[in-house]
Every structure is written in C-alpha cells, then in structure tokens.
Amino acid sequence: MADESSSATISPMIVVGDAPDYSDTNLAGSVDSISREELAQSHINNTMELFTKVPGVYFARYNQGIINTDIGIRGFAAEGSSPHAKLLIDGIPTNLHNGYSEMDQLFPGDISNITVFKGTSDPRYGLLNVAGNYNIETRSDLGREVQVTAGSYNAREVQAYVGEQTGKLRHNYFFGYRQSDGYRDNFELDKYSVSGRWFYDFSDDTSLGLIVRASDYDADAPGYLTQEEARKHPTRSASYARQDGGDKNTQSYSLHFDHAFSDSVDWSLKSYFNHYERERWVRFTAGDSLQNRYDDQDHYGVISSLNWQLNRDWTLNWE
C-alpha cells in the first residue's frame, strides 16, 4: 500500500539563450530545417520524399512515372489545382512555368541542407511564394565520400562527392545514379545527376562562383487501378498502361557574385539559365487513346540583392 503522506515534486527548469539573428525568425510563420546529418541517411526514388521529415507538409502521391509526388503547406492543396510554394536551389528559382517544382535533379548526397518556411508573410520572394517556400543548398564542404547501396524492389544506387580547395578556388563535384523496379509492376526507374561548383575568393569580401548541373529521370508508370483492384492486387499495373511512362531532362547553369562593402552592407548578384525537357506517354483509362505530352522550357534571369543591417533588430533588403 502506498504511503499517502508522500508527494511528488517537480524541480524548476530555467532555459537561457539568445534568439538567432537570421531574419526568418522575425516572420509570421514557422521555419524547419533538414540537416546534412539527416540527409546522409536518405536513399529515395524522388527527392520530394525528403520532406516527410518536415511537420506541416502534406503529400499528394501520384506514383505515375515522372509525375510522382507533390507537396502542400498547411492546408494548401497539393493535388495540382494551385501551385503555391517557391522552390529555390542555391538561391535560383526552380519552379516550372506552371508553378510546380522540379527537385528530382538532386540526390540527397548533393544537398547540404533544406529550409522550409511555412506561412504567407515572407516578403523576400515574389511569384508563387503564397503559402511559403523551400530553400535547398547544395554541398560545398571539403572531403570525399562514396556511397553504394542496394535495397528493396531491386533498388541500386551510387552517390559520389568530392570537395577540394586549391589556393583560393574551392571546387566540388557530385555524381549520383539510381535504378529501381518499384513496388508495382511497370514502375521501373532510372535516374542520374552530375554537378560541379567552382567558387573563387578574390578576397575575404568578394567571391565569384559557377554552378553547373545536369540530370535525367526516366520512369515507367503503372497506371490507375480501381479501388477494388488496388485492394486485391496492390502491386499490379493497369493492363491498359503498359506503354505509360516518361522522361525528364534538366540542365541548370548559374553565376554567383558576392561582395561585402562593410560588416553591415553586402551585395549578391546571381544570373541563371534553367532548361527543362519533359515527355510523358499516358493512357488514363482503357477507353482512352495513348497521349504524348511534351514540354520544353527555358528559364533565365538575374537576381540582385542588397542587404543593410541597420542594427540588431532592423535589416533593409533591396531586390
């Protein structure tokens, strides 16, 4: 029998710390980050699967070849009705013309970190920055790394990274290849990505860099089953979808110039060219004819950002 005279006590806990000085915390929204340590353990068919690590992000999984997954932020639909999030890779806009993002050009082994801003109040970006934004930074650390993995559904993957410093030049290279049969029939996937970064430091205040990346994603599509068919034979492909599949090719080139005028004023200038070529073969029902959907896009632009740290609480940004 317990001693009724005894009682439980909770010791007080005091937390002391300083708020981070980056601007994201001053916005009316929330920020989540995926670190390099988490990314190093990831081996996935499509890059958007990395966002399963982020709370408040909703997934719409199509699993149809090059049309695989889309993500939504906090109540914004991910089913294709209204793209609402800005994607930036190394500060370069990487949405397609219709607003959907193209992340499959990256492997986890080439990503340094991912930052997700969830909220409608971020003034830093314009078009498509409705519900928030995703910022992906590619790796620039020094070292050498090779990963060779094999997994379920006959998945095979190679990721190799090299980062070197030669005088004032820092150069980084990545190669990734993945092949998988997938969970369902007619789901085969072949994906590769190769990239290079060259950044030269003229001084502690000035640097000029070039980033080049090319990738290809070739995948078959198993088609759509009825609810009854999916329950009985979840791994089966629709009989009319034998020819369904597609290929998407991505090329990205960007120049990065950064200069600090003082401890409180710095300037960043970026120019870029992105090429997207996508071809999809699809038959939605047995009664439909096979459709060919081809898309060829070229995006280019210049981004200039001037930041002036007026004091600890105020920063003036001009873009």
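The values are calculated or read from the model by the stated rules, or taken from the named source; none is laboratory data. On a predicted model such as this, the values are computed, not experimentally measured, just so you know. Neighbour counts run over all protein chains shown; Cβ positions are idealised from the backbone, glycine included.
Filtered by the rule that a residue be within 19 Å of VAL54 (Cα to Cα) and over 14 Å from the mean Cα position of the chain (by Cα), segment 74-117 gives ARG74, GLY75, PHE76, ALA77, ALA78, GLU79, PRO83, HIS84. Per the conditions (1) more than 30 Å from SER304 (Cβ to Cβ); (2) part of a helix (DSSP H, G or I); (3) in contact with a strand residue (DSSP E or B) (Cβ under 6 Å, 6 or more places away or on another chain), the sole criterion not satisfied by THR69 is (2). Just to check your reading of the model, which residue among ILE111, ILE89, ILE73, ILE66 is surrounded by 20 or more Cβ atoms within 10 Å (Cβ to Cβ), free of Cβ contacts under 8 Å to residues at least 60 places away in the same chain and aliphatic (A, V, I, L, M)? Residue meeting the stated conditions: ILE73.
If only one of PHE273, PHE284, PHE187 is touching a strand residue (DSSP E or B) at 6+ places or on another chain (Cβ under 7 Å), modelled with pLDDT under 95 and either at negative phi or not small (Gly, Ala, Ser) (or both), which one is it?
Criteria check complete, one pass: PHE187.
Summed over segment 143-164, residues that are out of contact with any Asp or Glu (no Cβ under 6 Å at 6 or more places or on another chain) and surrounded by fewer than 12 Cβ atoms within 10 Å (Cβ to Cβ) total 7.
Under the condition of being surrounded by fewer than 18 Cβ atoms within 10 Å (Cβ to Cβ), among the β-branched types (Val, Ile, Thr) and not in a loop (DSSP other than H, G, I, E, B), the residues counted in segment 209-265 number 2. Look at (1) over 30 Å from GLU188 (Cβ atoms); (2) of a type outside the set (A, V, I, L, M); (3) free of Cβ contacts under 8 Å to residues at least 60 places away in the same chain and you find that GLN159 fails only one, number (1). Of all the residues in segment 289-301, those that are under 18 Å from PRO222 (Cβ atoms) and either without any contact (Cβ under 8 Å) to a residue 12 or more places away in the chain or touching a Pro at 6+ places or on another chain (Cβ under 8 Å) (or both) number 1. Restricting attention to segment 268-279 and to residues that are more than 30 Å from ASP244 (Cα to Cα) and touching a residue at least 40 places away in the same chain (Cβ under 8 Å), the residue that is surrounded by the fewest Cβ atoms within 10 Å (Cβ to Cβ) turns out to be SER268. Take the residues in segment 280-319 that are more than 30 Å from ASP258 (Cβ to Cβ) and loosely packed, with under 11 Cβ neighbours inside 10 Å, then tell me which one is nearest to the chain's Cα centre (by Cα). Per the criteria, the residue is ASP296. Restricting attention to segment 172-188, the residues that are in contact with an Asp or Glu (Cβ under 6 Å, 6 or more places away or on another chain), surrounded by fewer than 18 Cβ atoms within 10 Å (Cβ to Cβ) and part of a strand (DSSP E or B) add up to 1. In the set (1) free of Cβ contacts under 8 Å to residues at least 60 places away in the same chain; (2) part of a loop (DSSP other than H, G, I, E, B); (3) not aromatic (Phe, Trp, Tyr), ASN45 fails one condition alone, (1). Within segment 273-319, the set of residues being closer than 21 Å to ILE67 by Cβ, part of a loop (DSSP other than H, G, I, E, B) and of a type outside the set (A, V, I, L, M, F, W, C) comprises ARG283, THR285, GLY287, ASP288, SER289.
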